[in-house]
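Report on one structure; see the data block that follows.
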Amino acid sequence: MHFEVTGINKKFGKKEILSGISFNMNQGEIVALMGESGCGKSTLLRIIAGFENSDAGSVELNGKEIHRLVPHKRKVGMFFQDYALFPHMTVFENIAYGISSSEKLSTKVAELVEMCELEGLENVYPHQISGGQKQRVALARALAPDPEILLLDEPFSNIDAILRENLRLELKRMLKGRNLSVIIVSHDIEDALVLANKAIILHKGGIVQEGSIRELYKKPKNAFVAQFVGEVNILEGMFNEQGFNFDDRLISCVCTSQCSDGNKLSVRPENIELIPSEKSSDSFQIKQIIFKRSYCVIEVESKQSRIFAHVPNKHDWKEGDYCQIAINEYHILH
Amino acid sequence: MQMNKYLWLLIPLVLCLLILSPILFLISEVKWTQSSLIGNVLGSELSLNTFLLMGGTALFAILFAVPTAFIQAYYSFKGKQMFSWLMLLPLSIPAYIVAYTYKGMLGPFGTIHAMFGFYVEVENIFFLSLFMASVLYPYLFIMLRNSLRYNTFSLIEAAQSLGSSKVSALKRIILPLSIPAIISGLVLIMMEVLNNFGAVSYFGIPTFTTEIIRLWSPMNSESAINISMVLLLVVCTIYLIEYLLVKGKSYATSQGVDTEKQLVPLTGWKNAFAVLVHVCPILIGFILPFVQLTSWASHYYMDVFNPEFLQLILNTFKLALMAIVFCLFSGLVFSLSIRFFPKVWLKFISKSATIGYALPGVVIAIGILGPLSFVKTWVPDIFKYLIYFLAFAYVVRFQAVSFNALRSSLQKIPLNLHEASRSLARPFWRSLWDIELKLLKPALLSASLLIFVDVSKELPLTMMFQSFNFETLAIRSYMLMQTDGAVYQSAVPSVIIVLIGLLPLILIHFLTKDK
């Protein structure tokens, strides 16, 4: 299976929603389409599914142009944000709906019911089951016609935070065995972290970066990607031979010419090292400490911008303590 | 799909033009140079009678509906739930039947005369207003009660916390908030009065409607068209006044309707008073006339039940069935077009096509019969097919019933259910059948029921198309009222009409009970 999207453009009225979107994916790949609300990711998904027409570009599946095909002929499955379960049909009827062969119907539904752990719920209606069960029915239904590619539109947006983590793992388990190509639309980076091999970041209608999540986290192309995939401190100051001059104080950072051009330093909070010190001209005072179970978030006072560091709990920091900041060159984001 | 798209856009446009054609015809017939004619009609006895009747009915309706709606919204008392439903029962009795029943009860040689030796002269505007209000007040009651439910106690409590007494809070906060509902309810009632033919004609009070029917003839339609135009003008003026009074005052409050816990419980004489306030309108608007009608019908049903009477019922069903099929078809076309192609102009034409519900039946009838009398010159047999034109007239008049029911139900069916079906390899038409039409079943049934009731009760419009040996229950009921020696026999078709009218109320009762 090879899937390719080339040069997709879409405008609503005069507003450009998508511009020159191109990417491709292979069998078994799980791609997360990420971006802020309104960046066009759901529109792109609807164009792939055939519910929306693009102004330009093409969508190809196994070398065959499916762009002008009506939705029901595309072999593209869709999992809807609010599940879109048919309220007048039972769980069994919902799952069976997309199966065309009447001979295989019962076996197929039974297999999906087992896979999605829905045994005993076959004859109940969607309003009688829980949110998690609805999600599993929606997935079973989307998988039933054996789509070539499955689209998941914000699969966890209707679930509360505590359940979400478990359901991500459950979904991963269900998708894993099927070697299916999947596109997940989400604005939550956690979805991509748990489920996807590859992420595509959309911003203002265009793709800003694509690659593995690790790559996006470690080497973001710009400040938007850096901030989207995780927390980041962006400090304005000046590099010199001893380190980075910020807020009239020195941050210890040995830096080669590669990172010393420019007057900005971007670093993830977990890569900031705090060294206990006495009050001095280069020391920073700890403003507040937030306990986060396995680590602490420490906010360091500064006149310019807020600096956050994630530090292990083993050091017993107190608010009002003084420290110096050190950053390894390797962790500076370019 | 591309061809489908054009069909989805073209068919509603054609349908809208067809449905609006009677009104467009009337507008085209206006002789703008004869503006004195409007003045003459407006200054005549017809206008005076019509306006007095509208005003009187509105006043009595306020008397029946406002106190009951306030009690329902703010107090709890024994039997409240039951009364909330019973208050709607008078809707099942058409105004001409209630007028006829009361004349038979209170008038000379009537029931009261026979029992107590005196009678009341009821054939005047005062009593007719009272009788009409007794069956029309539910419109105001429903609108006001629903509006008060949303203006919850928190507003009264907020006013009290700011130093107002409860009475002052009701006067300064709740009453102004309820004005749009009161005005809209009264406008509905006045439209029904304007549309009425049977009651005014039975009481011998000439109004616009009686005059249009009296003057109408296919050979000379000009006078009837002129009065229809004035009637149309009055309707437009009323809507304009409503718009100006209600404009910007339909405040939406974010509070919920869960006010049951805050209701003030009534006990002792206060409870009895609340019950009495509810019993009076129900007694006048339903119990007394229905008991009287059933009593007459039980004496005379043998004289009326014959094959000819069964034919009447069959005619009524046939007409209603035609109206239901056409109305549901056009309602589906409009509401589904908007669903799949939510364009502003499509919403506008769909809404425009429902305007007939606000127009008196006679105006619609003239709008259809007028052009037919022109066409007759070329197609002499055209009046043989009048029943189909009558069904079309019902579509013009009751299009709103089907469109509103289907549109509001479709809005509750998420579009992604259809998309889910498409993504599961089902074509468009199959998805439409599996999802929209199956989920619309309750709305289709209730719209059919409402149209059926409306068609069974409808009198003025049907009267205008009547001269062709095709009677309905309503026509027979009215004809028997007018026939000396057969007055009480009219109770038989009347009771059947009332029983048909009760069907949607019973349905509502069971639906709310299930909830």
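Structural remarks
- Cross-link pairs exceeding 28 Å in C-alpha to C-alpha distance, out of A:LYS41/B:LYS343; A:LYS176/A:LYS218; B:LYS80/B:LYS438; B:LYS5/B:LYS318, comprise B:LYS80/B:LYS438; B:LYS5/B:LYS318.
- With protein chains left intact and a 1.4 Å probe, residues in chain B average 46 Å² of accessible area per residue.
- Farthest toward the positive end of the dipole of the protein assembly as shown, out of A:LEU33, B:ILE282, A:LEU121, is the Cα of B:ILE282, where the dipole comes from beta carbon charges about the Cα centre.
- Stokes-Einstein D (µm²/s) once Rh is taken as the Kirkwood radius of region A:233-331 over alpha-carbon pairs, at 37 °C in 0.692 mPa s: 240 µm²/s
- Three-way shape label, chain B, alpha-carbon gyration tensor, a/c 1.5: rounded
- Once the Cα atoms are used to define both axes, helix A:161-176 deviates from the longest principal axis of chain A by about 60 degrees.
- Exposure ranking of A:ASP82, A:ASP153, A:ASP282, A:ASP316 by accessible area [1.4 Å probe, largest first]: A:ASP316, A:ASP82, A:ASP282, A:ASP153
- Per-residue average of Cβ from other chains inside 10 Å of B:413-421: 6
- Against chain A, whose longest principal axis comes from its Cα atoms, helix A:105-115 is set at around 20 degrees.
- When only alpha carbons of the protein assembly as shown are considered, Rg and Dmax amount to 36.3, 120 Å.
- Peptide B:435-444 - average C-beta neighbours from other chains (10 Å radius): 1
- Accessible surface buried upon A-B contact (total; probe 1.4 Å; Å², nearest 100): 1600 Å²
- Measuring only protein heavy atoms, the 1.4 Å probe finds B:SER28 accessible over about 80 Å².
- When B:LYS318, A:LYS41 are compared by accessible surface with a 1.4 Å probe, the order from highest to lowest is B:LYS318, A:LYS41.
- Region B:40-199: C-alpha gyration tensor shape, a/c 1.5 cut-off, then a/b vs b/c: prolate
- For chain A, the residue among A:SER102, A:SER19, A:ILE286 whose Cα projects farthest onto the positive side of the dipole built from Cβ charges is A:SER102.
- Sum of -39500 (n - 2.57) over DSSP H runs of 4+, divided by residues of chain A (222 nm, nearest 500): -6500 deg cm²/dmol
- Directionally averaged projected area (chain A, Cα convex hull): 21.1 nm².
- Ranking A:MET1, A:MET34 by solvent-accessible area of protein heavy atoms (1.4 Å probe, all protein chains present), from largest to smallest, gives A:MET1, A:MET34.
- Region B:21-301: C-alpha gyration tensor shape, a/c 1.5 cut-off, then a/b vs b/c: oblate
- Centroid-to-centroid separation of region B:321-369 and region A:270-334 [C-alpha atoms, Å]: 69 Å
- Label-point separation, B:VAL120 to B:LEU24 (7 Å along Cα→Cβ), nm: 5.0 nm
- Accessible area (Å², 1.4 Å probe, nearest 10) - B:LYS171: 140 Å²
- Per residue of peptide B:270-281, the mean number of Cβ atoms on other chains within 10 Å of the residue Cβ is 0.
- Each residue was assigned an accessible area with a 1.4 Å probe, and for A:ASP248 the value is about 130 Å².
The values are calculated or read from the model by the stated rules, or taken from the named source; none is laboratory data. What you are looking at is a predicted structure, and each value in this text was computed from that prediction instead of being measured. Heads up, the Cβs are rebuilt from the backbone with ideal geometry, glycines too, and the neighbour counts pull from every protein chain shown. Remember, those area values only see protein heavy atoms, side chains included, never the ligands or the DNA or RNA. Shrake-Rupley method; radii C 1.70, N 1.55, O 1.52, S 1.80 Å.
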